[in-house]
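S.K.: Pasting in a structure now, in structure tokens, and then I'll have a few things to ask.
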Amino acid sequence: MNEQLLEKRNVVTDVCLYKLAVIGGTQEKTFKKIGKQAGFEILFDNAYKPKKDRYHSIITQADCVVIIVRDCSHKAMWLAKRIAKATNTPIRFSHGGATGAILDGAKACYTIRD
């Protein structure tokens, strides 16, 4: 019985409604796993060596940008913030971990798109 429910759940969660750019942190696999379960495709950068071209690529594809404040350098944050503003992409700052960041991004996506 539980396997059938799990199969149904996986079918539903394979559809990604939104793309979230997550800047900062080290747990890329965790972000992607939780994001997929919530119906989001995660575009991730750990923010150790921020590069303008990489950030521009990620942010222009995303519906919303989430900055992990505790795991992001000032340079990465400023760069992401500048690109998000230039591309008119909503940006949120999260003080939580993977789940909190995805929830912050989800709230932003659903609020902005509705």
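FYI, it's all coordinate maths here, none of it is from the lab. Remember, predicted model here, so these are calculated numbers, not experimental data. Glycine gets a Cβ as well: all are built from the backbone with ideal geometry, and neighbour counts include every protein chain shown.
S.K.: For PHE93 and THR30 in the same chain, what is the full-extension length gain: residue separation times 0.36 nm, less their Cα-Cα distance, in nm?
M.R.: Details: separation 63, 0.36 × 63 = 22.68 nm, distance 1.84 nm.
Computed gain between PHE93 and THR30 is 20.8 nm.
S.K.: What's the extension gain from TRP78 to SER57 if we count 0.36 nm per residue and subtract their Cα-Cα distance?
M.R.: Using 0.36 nm per residue and subtracting the Cα-Cα distance, I get 6.0 nm.
S.K.: Beyond 15 Å, how much of the Cα-Cα pair distribution for segment 18-113 remains, as a whole percent? The partial results should precede the final answer.
M.R.: Values: 2333 of 4560 pairs.
The answer is 51 percent, as a whole percent.
S.K.: Quick query: amide H of ARG92 versus all other amide H atoms, modeled in the peptide plane; which residues come in under 5 Å with a sequence gap of 5 or more or a different chain?
M.R.: VAL65, VAL66, ILE67
S.K.: Please work out the FRET efficiency for the pair ARG70 and GLN37, using the Cβ-Cβ distance as r and a Förster radius of 30 Å; give the result to the nearest 0.05. Before the final figure, lay out each step's value.
M.R.: Numbers: r = 23 Å, r/R0 = 0.76.
Computed FRET efficiency for ARG70 and GLN37 comes out at 0.85.
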